[in-house]
Amino acid sequence: MSKQYLDKDGLQVVADKVNESKEVASGAMALAEQANENITMTFTGTYAQWNNLSAVDKAKYTIVNITDDVGDSSMTVRNPDWDNAVSITIAQLDSGYTFTGDGLFVCTIKPNSGTYAGININGIPVGVVTVDPQRGQIQCPVKESDVVQTTTGTMHTTAEGSAYFIPYTVSVETVPMNYSTEEQFTGKFWIDGKKIYRKCYEGSITTYTDYGALRQFQTNVDSNSDIDAKIDVEGYMQTAPYVQKYSINETEGNGGNGFYQTAQVRLAGTIPNQTLAAAFYDTGKALTSIAYHFCIYYTKTN
């Protein structure tokens, strides 16, 4: 079998291919190392430092370790100040009325016979009534420098054709980010308009009462003279000598009386001066104490 030899040019081609392969391999390894670093990149610092990073820089980190409390944030709450309503005359509406602040525009329209009445805000129709004696009512949020004006037709100057500007009162409320055993305004409102508060409790119940097949652990954890309604409860109760955790208002099993073990937080008494109680019911009668950790969300009477 004869041997084959590469000439000088052929050897150079082979050398170039080898060097190119080394460069590709080296680049691939560098990319792999970089990818591995990106996978495990961890940010460690304060919340303020993290918040100062750009969105691009934040996206580089897969693990974020905040070294201090997030703390509380704040929100601006605006409510209509009905006690300081400003009356707007029909003549002012006809010529155009400029609002002096943020608030609500409230108006009752009643057109003259044979015509119609309409209201524009910044040239945009927000209400029209076309047939006397029908009436139309408008309640519209407005901001400073907005202009309200009637369209074709005139409004009655009686109380049936009236308009008011209701300025907003502005307050800054603290919105808690962390849970606390102190009462906190959550920054949310219930459907009746009342503020929703949160308060956390933890403790243990070591005494119980036997009722035949039922062992009841119960204790009063708070008495709040302002509490109006329980909106929600979150948390758990933990049994001893076992380590089972039961969500609040959770029932497990089905004993002869309808439940086996039940964790509850409830209000007792009348409004005001309601008492907040924690209770655990065990038909197995094997438990010796209950630890509770929960938060209650509620509205207040005032």
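The numbers here are math on the coordinates, done by the rules we state, and not lab data. Quick caveat, the model's predicted, so the values are computed rather than measured. Because the Cβ atoms are built from the backbone with ideal geometry, glycine has one as well, and the counts that use them run over all protein chains shown.
The order of the peptides 274-287, 193-206 by mean Cβ neighbours within 10 Å, most packed first, is 274-287, 193-206. What shape does the stretch 179-300 have by the C-alpha gyration tensor, where a ≥ b ≥ c are the square roots of the eigenvalues, rounded means a/c under 1.5, and otherwise prolate means a/b greater than b/c and oblate the rest? Prolate is the answer for the stretch 179-300, as a/c is 1.5 or above and a/b outweighs b/c. Applying a threshold of 23 Å to the alpha-carbon distances of K58/K199; K199/K230; K245/K285; K143/K194; K199/K245; K195/K230 flags K58/K199; K143/K194 as lying beyond it.
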